[in-house]
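Asks: Sharing a structure, written as structure tokens. Questions coming.
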Amino acid sequence: MTLLALGLNHTTAPITVREKLAIAPAALGSALRDFGAQPGVTEAALLSTCNRTEVYCRVERGAEHLPASWLAQLGQLSTEQLSTHLYRHEGSAAVRHLFRVAVGLDSMVLGEPQILGQVKDAWQAARDHGTLKTPLDQLFQQSFAVAKRARTDTAIGSQPVSVAFAAVRLAEQAFSALDHATVLLIGAGDTIELAARHLSEHKVHRLLVANRSLENAHALASRYGGTAMTLEDLQQHLAEADIVLSATASPNPILHKSSVHAALQARRHRPMFLLDLAMPRDIEPSVSELEDAFLYDLDHLEQVIEGNRRSRRAAAEQAEAIIDLQVEHYLAWWRANDNQDALRQLRQRGEATRDAVLARADELLAQGKSPQQALHYLAHTLTNKLLHAPSVMLRQAAQQGDHDLLDAAVRLLGDKDPSTPANHDPHAQHPPQARRAR
């Protein structure tokens, strides 16, 4: 059985490829069921965020190629097209990768806290849809503990920064005075909530919130002194916005080039700054062709975020050391768990042999045989049956010179005579009656 982690992220694939493999929350259950039903896949979890899509799974030998093939099919790409963007980790490397993701060391914003919640959501979805078993379930739960410890023992989580914060910082660079700007937020999820909070702290002049659910838009707008509207009202108010920040779970674009063009005409071509933080994208890429529209997506945030990386590198190195230690802890658990099947089979075989011999001894008693005869049968037969297979294997090992197996047998059985008492002194003289008793 092989443990695998594979996928793509902001460092290996452009947004045009990432959005092809993005899995909407509403589609996650069917995707899990489909992947989990692939031949050779024994357990699986899927993690899909604005900057990554990843598969974590255990597969049988010979099925290692299936996850990459499934991802290619998901994105309607050939395996050759996808392979240039895909990373693949196996065994301990897969364990380390998940731990790094959960801590935030693999994020665009180094140490950002939102990813841990997304990893937990991926784990919960896999549990809900029955695609997790003990090994992968244990791996995810340990990743949560690793993330908590890294944030407690290092400064990786100090002054938390998010993609939303970086987006607001970029908007601030474009509009030096946000207190004179009208900002339109599209969506009502965590990213938009964080953006609203940052904008409120920057004393933004006016805040508009558009969402498919007017109730959710009202709830968010009321917390930050904004005005709520539905997506149907978007076109009517788009021209009022100096800055548009969108992050929804829509599978299709919400803002089209024609809508933005009309808004720019109504604004008499005053510039409009648009930030698309969605995956797949909410704003048609062709909007960037409009003369007074300045469109930025997730891939444009790299320059803003670089300063964050530099300030957190020392903390990241400390977090890596914690991860190295915890990888070894998980692998030790994995090896012990992997051996449980062999131990379980050995015990089951021994118990089955015991039950069969004991049943025969009971029959002898029922036939009128003496208890001594039944006990002699029980001891002799049980010993022979339990030792037969190991004796044959050790005899073959001796004939073939298999010293590894012979040494393992010595370690397994111990080097003491089982008839020797634990407190036996080999140099002591036994009284005559003790020697006769033995």
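Asks: Are there any helices (runs of 4 or more DSSP H) wholly within segment 77-163 with 3 or more residues that are in the same structural domain as Val59 (by TED's automatic domain parsing), hydroxyl-bearing (Ser, Thr, Tyr) and in contact with an Asp or Glu (Cβ under 9 Å, 6 or more places away or on another chain), and if so which?
Replies: Filter on segment 77-163 gives an empty set.
Asks: Right, here's the next one. Could you check, for segment 97-119, whether at least one of its residues is at positive phi, without any contact (Cβ under 8 Å) to a residue 60 or more places away in the chain and in contact with a Gly (Cβ under 6 Å, 6 or more places away or on another chain)? Steps first, answer last, please.
Replies: Residues of segment 97-119 that are at positive phi, as a first pass: 104, 111.
Now narrow it down to the ones that are without any contact (Cβ under 8 Å) to a residue 60 or more places away in the chain: 104.
Filter once more, so that each one left must be in contact with a Gly (Cβ under 6 Å, 6 or more places away or on another chain): 104.
Yes: segment 97-119 contains one or more residues that are at positive phi, without any contact (Cβ under 8 Å) to a residue 60 or more places away in the chain and in contact with a Gly (Cβ under 6 Å, 6 or more places away or on another chain).
Asks: Looking only at residues that are part of a helix (DSSP H, G or I) and touching a residue at least 40 places away in the same chain (Cβ under 8 Å) in segment 203-246, which one is farthest from Val183 (Cα to Cα)? Spell out how you get there, then give the answer.
Replies: Restricting attention to segment 203-246, the residues satisfying the condition of being part of a helix (DSSP H, G or I) are 214-223, 231-240.
When the remaining residues are screened for being touching a residue at least 40 places away in the same chain (Cβ under 8 Å), the result is 231, 234, 237-238, 240.
Details: Leu231: 15, Leu234: 13, His237: 11, Leu238: 10, Glu240: 8 Å.
Out of the qualifying residues, it is Leu231.
Asks: In segment 129-183, what residues are of a type in the set (A, V, I, L, M), surrounded by 18 or more Cβ atoms within 10 Å (Cβ to Cβ) and in contact with a strand residue (DSSP E or B) (Cβ under 9 Å, 6 or more places away or on another chain)?
Replies: The initial filter retains those residues of segment 129-183 that are of a type in the set (A, V, I, L, M), namely 132, 136, 139, 145-147, 150, 155-156, 161, 163-164, 166-168, 170-171, 174, 177-178, 181, 183.
Next, only the ones that are surrounded by 18 or more Cβ atoms within 10 Å (Cβ to Cβ) stay: 132, 136, 139, 146-147, 150, 156, 161, 163-164, 166-168, 170-171, 178, 181, 183.
Matches in segment 129-183: Leu132, Leu136, Leu139, Ala164, Ala167, Val168, Leu170, Ala171, Leu178, Ala181, Val183.
Asks: Sticking with this structure for a sec: Looking at Leu207, Leu170, Leu220, Leu199, which is the one that is within 22 Å of Asn51 (Cα to Cα) and touching a helix residue (DSSP H, G or I) at 6+ places or on another chain (Cβ under 9 Å)?
Replies: Within the list Leu207, Leu170, Leu220, Leu199, the selection yields Leu170.
Asks: Checking the conditions here, which among Leu412, Leu365, Leu406 is of a type in the set (A, V, I, L, M), touching a helix residue (DSSP H, G or I) at 6+ places or on another chain (Cβ under 6 Å), outside the structural domain of Val103 (by TED's automatic domain parsing) and without any contact (Cβ under 8 Å) to a residue 12 or more places away in the chain?
Replies: Values: Leu412 fails: touching a helix residue (DSSP H, G or I) at 6+ places or on another chain (Cβ under 6 Å); Leu406 fails: without any contact (Cβ under 8 Å) to a residue 12 or more places away in the chain.
From the options Leu412, Leu365, Leu406, the qualifying one is Leu365.
Asks: Taking the condition in contact (Cβ under 8 Å) with a residue 40 or more places away in the chain and polar (S, T, N, Q), does Ser69 pass? Lay out the reasoning, then the answer.
Replies: Working: in contact (Cβ under 8 Å) with a residue 40 or more places away in the chain: no; polar (S, T, N, Q): yes.
It is false that Ser69 is in contact (Cβ under 8 Å) with a residue 40 or more places away in the chain and polar (S, T, N, Q).
Asks: Quick one: would you say Thr12 is among the polar types (S, T, N, Q) and either part of a loop (DSSP other than H, G, I, E, B) or under 23 Å from Thr134 (Cα atoms) (or both)?
Replies: On the way: among the polar types (S, T, N, Q): yes; either part of a loop (DSSP other than H, G, I, E, B) or under 23 Å from Thr134 (Cα atoms) (or both): yes.
So Thr12 fits the description; yes.
Asks: Given the criteria buried (at least 22 other Cβ atoms within 10 Å of the Cβ) and modelled with pLDDT under 95, does Ala249 qualify?
Replies: Details: buried (at least 22 other Cβ atoms within 10 Å of the Cβ): no; modelled with pLDDT under 95: yes.
For Ala249, the condition - buried (at least 22 other Cβ atoms within 10 Å of the Cβ) and modelled with pLDDT under 95 - is not met.
The values are calculated or read from the model by the stated rules, or taken from the named source; none is laboratory data. Keep in mind that what you see is a predicted model, and the values were worked out from it rather than measured. As a convention, Cβ positions derive from the backbone with ideal geometry for all residues, glycine included, and neighbour counts pool all protein chains shown.
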